1. On a C-alpha basis, how far is the centre of the stretch 249-265 from the centre of the stretch 429-444 in Å? Whole number, if you could?
2. Please give the residues of the stretch 110-153, grouped as numeric ranges, whose backbone N is less than 19 Å from a label point set 7 Å along the Cα-to-Cβ vector of Phe83.
3. Measure nothing but the geometry: give the 0 to 90° angle between the long axis through the Cα atoms of 373-383 and the longest principal axis through the Cα atoms of the chain, rounded to 10°.
4. Show me the ranking of peptides 424-430, 346-352 by mean Cβ neighbours inside 10 Å, starting with the highest.
5. If you take every residue apart from Arg111 with its C-beta less than 12 Å away from the C-beta of Arg111, what net charge results, scoring Lys and Arg +1 and Asp and Glu -1?
6. Over the Cα atoms of the stretch 160-258, compute the convex hull volume and normalise it per residue, giving Å³.
7. In whole Hz, what ³J(HN,Hα) sequence does the stretch 200-208 give by Karplus (6.51, -1.76, 1.60; θ = phi - 60°), x for Gly and Pro?
8. Using only Cα atoms, tell me the angle between helix 388-404 and the longest principal axis of the chain; keep it within 0 to 90° and round to the nearest 10.
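The values are calculated or read from the model by the stated rules, or taken from the named source; none is laboratory data. Keep in mind it's a predicted model, so treat the numbers as computed, not measured. Here the Cβ is made from the backbone with ideal geometry for all residues, glycine too, and neighbour counts use every protein chain on show. To get the accessible areas, we keep the full protein, side chains included, count just its heavy atoms, and leave off ligands, DNA and RNA. Shrake-Rupley method; radii C 1.70, N 1.55, O 1.52, S 1.80 Å.
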Amino acid sequence: MPSYKPLPKQFTEGRLSKPMSDLLCTYNEGPRLVWELKHLSTIIQVDRAHIVMLARQGYMTPTQAGAILAELDDIRAAGPQNFTPAPGYGSMVLQVEKVLAERLGDDIAGRLPIARSRLDQGATVRRLVDKDNLLAVLEQLLRLQETLLAAAAKQAQTPFLSYTHMQQAQPTTYGHYLLAFSARLDDTFQQLTQVYHRIDRSPLGAVGLSGTTLNTDRDLTAWLLGFSDVLDNSRLGRDAYYQIELVFALTMAMTLLNDLCCDLHVWSSVEFGTVELDDSLCSTSSVFPHKKNPYALETVKSKAGEAQGWVVSALSLFRNEGSGDTNGRNVGFVDETCTTVCNMMRLTSDIIEGTTVKEARCEELLANAWVTTNRLGNVLLTGHHLDYRSAHSVVGRLVKNCLDREITRANVTIEMLQDAVAEMAMEPLAMTQKELTAALSHTEFISSSISHGSIGPQQVERLLVKATRQHYKSVSWMEETMRCLKVSEGELDAATEELRRAPTP
């Protein structure tokens, strides 16, 4: 017959003469309970794995385990909206124990806290939530990368302009430009998966800092909860330094999105006019009816600006107080950060899909832009035996003279080049007008680029094939990770169902 001892009104009643103040609850226990209640299902998942382990190690009978599991399933099915925490009774691990004690009595419910503490239980929940959040980010990252690769393949040879110091620099192709961001996303994926591996270690069973004298099986609970390993040193049970790495990687991801959207923001202006966003990603002015405001780009840039404070805030939480401070060593805004990054990646995917390259405008700009001058310099270097700096000086003087006289690149003559050569005190060149025109052509620049990773057709195709293969590898990693989590979840469900079918004595 289970005993029903009167429960204390406050969790702290045994040790403290006064309950926690209302103000302290508002800033300490209150926010923590809100977060934990939101993740009630994960808390119960941890409880279920712990119960299976305790039953197999002989610290509770199958009947006791089955009874607790039945109540936990009932609590989970009811959902967090139907769970009312008791004021002053501590975190959700204690709140759940209180409900179980009320339903089952202390003899049964009192078995659940064996061989664990709030430190390792809470850290396990935190890691499971962080893993789920990170996988959601990786899913959106792969979707964005897929969108970039599709657009890059479509626009692989679309001539475009590249800039340095916000000045026209060289010809490029829009596909080559997008492939650069796909490569950066691949770096971000690798960075985030490295963080994932550090998160993917179970602290459950660390029991405070020094472990326990009970014969527990931490490998079993790790497997049932989908962890690939156990956090080996029990003193690290509450460790969450990985959150700083996670926040840094997320900040860098937002910086990448900011770079892309800043470029598109400038290029979508009337002055540039080389790209245009889909109407669904824009709005108009309340006073200027002619305007098409790129709200989507501004939204991503705004959120990327906010992201610059994430790392500093995370580091400040792990302040210089040694390893004995366990209360503040948790970045409480990781959930929100991951959600923001997910949504901004989704929005950026929509932006890429909804962006039209204004090819006629690009051709107009390229026809008159001095973006092929380094190709002319290379021709002078390789075909006319000028040293590099001399060739650079001659081409620079040619450009200066033409700009002073308002002569466009398309109208440059061989005589103008020879004048520049003479002004730089050099011998006349044995160059023809045809050779000069070809050297200044942006289409010739693109088609003749052969260096590794350049904008030439063969190199862009190689980059596209390589990026696509790497994307498939990343997708395979994601699929395998999700498969392993499903297997562990199935093992846990099977183990708990077996205990729930245990006969009642």
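1. 38
2. The answer is 110-114, 116-133.
3. 60
4. Values: 424-430: 12.4, 346-352: 19.4.
For the peptides 424-430, 346-352, the packing ranking is 346-352, 424-430.
5. Numbers: positive: Arg116; negative: Asp47, Glu97, Asp106, Asp107.
Residues near Arg111 contribute -3 overall.
6. Values: hull volume 10.8 nm³, N = 99.
Cα-based convex hull of the stretch 160-258, divided per residue, equals 109 Å³.
7. 7, 10, 7, x, 4, x, 5, 6, x
8. Helix 388-404 and the main axis of the chain meet at about 80 degrees.
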